[in-house]
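Each remark here refers to the structure printed beneath this line.
The values are calculated or read from the model by the stated rules, or taken from the named source; none is laboratory data. Every value quoted in this text rests on a predicted model; they were computed, and no experiment measured them. Here the Cβ positions follow ideal geometry from the backbone for every residue, glycine too, while neighbour counts run over all protein chains shown.
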Amino acid sequence: MTEAPDLYSDAALDHLTRPRNAGTIPDPSGIGSDTNPSCGDRTVITLTIADGRLRDVRFRTFGCTAAIASASVLTELATGLEADAAVQLMPADILRALGGLPERKEPCALMAIGALRGALLDARVRAG
Amino acid sequence: MTEAPDLYSDAALDHLTRPRNAGTIPDPSGIGSDTNPSCGDRTVITLTIADGRLRDVRFRTFGCTAAIASASVLTELATGLEADAAVQLMPADILRALGGLPERKEPCALMAIGALRGALLDARVRAG
Amino acid sequence: MRRVYLDHAATTPVDPEVADLMAQVLREVSGNPSSIYAEGRQARALVDRARDEVAQAIGADPAEIVFTSGGTEADNLALRGVLKAREGEADGIVTTAIEHHAILDTALDLEAHGQARVTVLPVDRDGRVSAQAVARSIDERTAIVSVMHGNNEVGTLQPVLEIGAICRERGVAFHSDAVQTVGALAIDVRTMPIDLLSVNAHKFYGPKGVGALFIRRGTRVSTVQTGGGQEKGRRTGTENVSGIVGLGAALRIAASRRAVESARQAELRDRLIREIRSRIPDATLTGHPTDRLPNSASFCFSGTQGEALVVSLDLEGFSVSSGSACTSGNTDPSHVLLALGLDRDLAQGSLRLTLGRDTTGADIDALLAALPPIVARLRAASGATVSA
Amino acid sequence: MRRVYLDHAATTPVDPEVADLMAQVLREVSGNPSSIYAEGRQARALVDRARDEVAQAIGADPAEIVFTSGGTEADNLALRGVLKAREGEADGIVTTAIEHHAILDTALDLEAHGQARVTVLPVDRDGRVSAQAVARSIDERTAIVSVMHGNNEVGTLQPVLEIGAICRERGVAFHSDAVQTVGALAIDVRTMPIDLLSVNAHKFYGPKGVGALFIRRGTRVSTVQTGGGQEKGRRTGTENVSGIVGLGAALRIAASRRAVESARQAELRDRLIREIRSRIPDATLTGHPTDRLPNSASFCFSGTQGEALVVSLDLEGFSVSSGSACTSGNTDPSHVLLALGLDRDLAQGSLRLTLGRDTTGADIDALLAALPPIVARLRAASGATVSA
Ligand SMILES: Cc1ncc(COP(=O)(O)O)c(C=O)c1O
Ligand SMILES: Cc1ncc(COP(=O)(O)O)c(C=O)c1O
């Protein structure tokens, strides 16, 4: 008998069971957060920037598998990027990196992006 | 797998397939009829009386299995009886003779009795 | 005694392949399709596949298929759901005098509760409604027109294309109860202007207790059975997984066999009609002489009563039915036959013979041998005089 | 990987004996129960026998049992049917905040369409409604009180005897959704003052898509699904014969195993609750600590989110559920958990473990080993600080 079409990808499940860069940087260059008002999920991203590049990116997510996986994979995608490039990351990049998300879960990728952009903006403001 | 409880009895089915005394007596001592207004079924009974006894009793029924079987068996029950005894025949006698009828079919026995009583009354009136 | 089953319009036996598949689902698939873990996803996948199969068979998009507990619920959902969605805007129902009770009684129930105004259109002697009469009955308050595709008692097919075109032009939802035609006739909602279409598994060798309603995208239908939100909220309640799988498979199989099988049955039916007319004086064919379901032959025999016909044939091993469903408590003659203009006595003597996949020429011959003496016997008992 | 299924409140696998019986019916019983010939009588007899089995299991008369397409339809028929029967006389519905959506959404839908006035009573922290509050809410316009027997999310049992007694005294119909308790707890409507009771086959190892409503003789209920007049006109539509046979057999089997099996499950459940509380700091038991379904253990874990718990456990071979049914489009936390007074964040981290016939001590041990690290991992990801 066949499998359901709307599964989490192996990549997403791997991020659920082995989250990358979970945590909070104690003294970050920037901190940003975003929430999904419909379910109360939220993500906080802290990051450090040195020489215009993201050196360390960490996440905290209270939320579902897609929310955790999105934030987790986003820290990987963002780490090492220039800040100007990091701000261009899109939900589609997360989906690509995760091999897609179940249809209704795409707002979760948006939340991760929102938190990252918040952190980048915060870093810009702090940097003056 | 089990059988339904509300079957026609073998006796009723036998009357359906081999109706007894179906027909009309050309020159009867009495003729009576009854109808079931809810379905339009009807039975006509003609009979001859000699020496106070029913000699020949015949039925015509436009109706369902129960209506036909009731009338058919009633002709058997009535034949040979004294008129005074025949008028005492009840729907229960038909049910007994048929080994019962499905629950909702009991009005059909009543219709046969109605036609017989009509014929007996008609005979009495004709006899003056 | 080998029995000859000639009541396929009442129900059909479950296709052995369908029964096996359902048995496998019952034994092996334990999840609830709403559950997100493995067992749930497996059940969901099966429901989705069945939805694809149903959609495929009628040219719909899978998102346009809502599973129900049968034809009756599909009909109820169509009428009640559309009326509910249009509450305060439109409350007119236009339908015909020969619809199934699931439509007629629902329309009249809505009217009795002040929720609809119902127009019941007459049909002609052949059981056809006039598309022009439908057009004339539509007014600015009409919410839905419901005209069945093929009639279950007399087999007549309705001019649904014409009626659908009128409804579309007038902006009124058009529902067709296609319970008797899905699986037997080609149905393609891409080309047929039908907005809602009722489907019923047990009429095409699927299980009883499961059906579907096609709801064309954009047609407003409110939920009638409220609850947990299944079927995208259009019909809630845990899905009948094995039944839905059976529906999908049965319709897939029926569609693949349809062209050959319907032609085969139509030929047998034509012989049956021809021979009954020649062997039984005064047999009255009911329904349209040619534009009728491929498997359906229906008659009235004056001087006989339907239940006695059915019981007599049952005793000889034939399963058939009569419009006058005397034992079910409903002793009135069929509303369909009366709507055709038959007089009450004649309508009482109705006999419906509906063929199926398993029906052979020998079955037809056997029926043709058995029926005339039974009609003669019942006529003799009732004293009917027959003009040949 | 052997899976451990701990979501028996969502659905249960079909009992193999039941599946075999249904397969036999699907293969061998072809008639429509409304048909009067042999095949029809055989189908009718099976439906009648199942009706006897259901009646027997709950102490009812067979004539008081109406078959439906599941628990949702039973609930809808109870509320909608009673309100419809009392139209113009009484329109009040009194119910609770933790009913299944099949009740709550139906009550609110009726209210939204001007057909009912609804009073939704709160529950206490344990999920219990007060019988006194029910008594106070009944007025002269109240038509029906609906309070579930056992809650599907948190397991709490309601004081239905007390509430039923009040309803009887006040002359108001009392409905109880017993979908979670039939088969698990002793139910006898001869001694319990319940007028309408919802039953659902797939919660006691029967098939999905079939249920029943007990309607006490004398309780006025109008047909909601109108049509051909089956089920004595109380619920029309061709009967789901194989499903009804499955329902009857499953309930017969469940009743015969109930006493032993429920005690066994309750013992495992007690261990599960005790051990989770000892191994996971801050675990919040939801529902009544003792007066709960024998198979149900439900918790919230702060700092975790239910869907992530379910998916994580699924990966390790466990099938469990959460009140926050995130993927089904409904992302709100469970209305039941909120009604218990839990805050939204805590309610998001809910986990429901419901045991079944197949659940062993080893399954419980496996779950107890798997769960704590998952909770810890999710808490680490969310940065929850846990007070032990
Ligand atoms: C035309 C038509 N509509 C609706 C129905 C109702 O189907 P069911 O009784 O299976 O719900 C039937 C079946 O008898 C039918 O023939
Ligand atoms: C308490 C309760 N009522 C009603 C239902 C509805 O049952 P179904 O979805 O099978 O129609 C359920 C099942 O989820 C339930 O647990």
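Quick notes on this one:
- All conditions in (1) within 14 Å of another protein chain (Cβ to nearest Cβ); (2) of a type in the set (Ser, Thr, Tyr); (3) away from ligand 1 (no atom under 16 Å from the Cβ) hold for D:SER262, with the sole exception of (1).
- Matching entry among C:VAL147, C:VAL82 (being closer than 22 Å to C:ALA339 by Cβ and touching a strand residue (DSSP E or B) at 6+ places or on another chain (Cβ under 6 Å)): C:VAL147
- Residues located in region C:99-141, provided they are away from ligand 1 (no atom under 16 Å from the Cβ) and assigned to a helix (DSSP H, G or I): C:LEU110, C:GLU111, C:ALA112, C:ALA131, C:GLN132, C:ALA133, C:VAL134, C:ALA135, C:ARG136, C:SER137
- Condition check for D:ALA212: in contact with a helix residue (DSSP H, G or I) (Cβ under 8 Å, 6 or more places away or on another chain) and under 25 Å from C:LEU110 (Cα atoms): yes
- Selected residue (criterion: surrounded by the most Cβ atoms within 10 Å (Cβ to Cβ)) from residues of region D:1-56 that are at the interface with chain C (Cβ under 7 Å from one of its Cβ atoms) and of a type in the set (D, E, K, R): D:ASP7
- Selected residue [among the aliphatic types (A, V, I, L, M), out of contact with any His (no Cβ under 9 Å at 6 or more places or on another chain), crowded, with 18+ Cβ neighbours inside 10 Å and more than 24 Å from C:GLY303 (Cβ to Cβ)] from B:LEU13, B:LEU95: B:LEU95
- Positions within region D:175-193 being under 19 Å from D:LEU104 (Cα atoms) and either touching a Leu at 6+ places or on another chain (Cβ under 9 Å) or within 16 Å of ligand 1 (Cβ to nearest atom) (or both), in sequence order: D:HIS175, D:SER176, D:ASP177, D:ALA178, D:GLN180, D:THR181
- Residue match in region D:161-180 (condition: assigned to a loop (DSSP other than H, G, I, E, B), within 14 Å of chain C (Cβ to nearest Cβ) and near ligand 2 (Cβ under 10 Å from one of its atoms)): yes
- Matching option when the condition is farther than 25 Å from C:HIS8 by Cβ, buried (at least 22 other Cβ atoms within 10 Å of the Cβ) and in the same structural domain as C:GLY71 (by TED's automatic domain parsing), among C:ILE163, C:ILE138, C:ILE103, C:ILE98: C:ILE163
- Hits in region C:167-188 (condition: hydrophobic (A, V, I, L, M, F, W, C) and surrounded by fewer than 21 Cβ atoms within 10 Å (Cβ to Cβ)): C:LEU185, C:ALA186
- A:VAL44 vs. criteria crowded, with 16+ Cβ neighbours inside 10 Å, facing another protein chain (nearest Cβ under 9 Å) and farther than 20 Å from A:TYR8 by Cα: yes
- Flag for C:ALA90 being more than 11 Å from chain D (Cβ to nearest Cβ), more than 16 Å from ligand 1 (Cβ to nearest atom) and surrounded by fewer than 23 Cβ atoms within 10 Å (Cβ to Cβ): yes
- Test: residue in region C:243-253 that is crowded, with 19+ Cβ neighbours inside 10 Å, away from ligand 1 (no atom under 16 Å from the Cβ) and free of Cβ contacts under 8 Å to residues at least 40 places away in the same chain: no
- Scanning region A:60-91 for residues that are assigned to a helix (DSSP H, G or I), away from chain D (no Cβ under 14 Å) and within 12 Å of the chain's Cα centre (by Cα) yields A:GLU76, A:LEU77, A:ALA78, A:ALA86, A:PRO91.
- Residue check, D:LEU121 under 12 Å from C:THR226 (Cβ atoms), away from ligand 2 (no atom under 16 Å from the Cβ) and surrounded by 17 or more Cβ atoms within 10 Å (Cβ to Cβ): no
- Residue in region C:65-75 that is in contact with a helix residue (DSSP H, G or I) (Cβ under 7 Å, 6 or more places away or on another chain) and more than 10 Å from chain D (Cβ to nearest Cβ) present: yes
- All positions within region D:200-233 that are part of a loop (DSSP other than H, G, I, E, B), at pLDDT 95 or above and not β-branched (Val, Ile, Thr): D:PHE204, D:TYR205, D:GLY206, D:PRO207, D:LYS208, D:GLY209, D:ARG216, D:ARG217, D:GLY218, D:ARG220, D:SER222, D:GLN225
- C:LEU83 vs. criteria of a type in the set (A, V, I, L, M) and either under 22 Å from the mean Cα position of the chain (by Cα) or over 17 Å from C:ASN240 (Cβ atoms) (or both): yes
- Any hit, region C:66-81, residues being more than 30 Å from C:PHE204 (Cα to Cα) and either in a loop (DSSP other than H, G, I, E, B) or among the hydroxyl-bearing types (Ser, Thr, Tyr) (or both): no
- Matching residues in region C:24-63 - criterion: being farther than 17 Å from C:ASN200 by Cα, in a helix (DSSP H, G or I) and in contact (Cβ under 8 Å) with a residue 40 or more places away in the chain: C:VAL25, C:LEU26, C:ALA43, C:LEU46, C:ARG49, C:ALA63
- Each residue in region D:65-87 was checked for being crowded, with 23+ Cβ neighbours inside 10 Å, acidic (Asp, Glu) and more than 16 Å from ligand 1 (Cβ to nearest atom), and 1 of them qualify.
- Checked against (1) in contact with a Leu (Cβ under 6 Å, 6 or more places away or on another chain); (2) within 14 Å of chain B (Cβ to nearest Cβ), C:ASP343 passes all but a single condition, namely (1).
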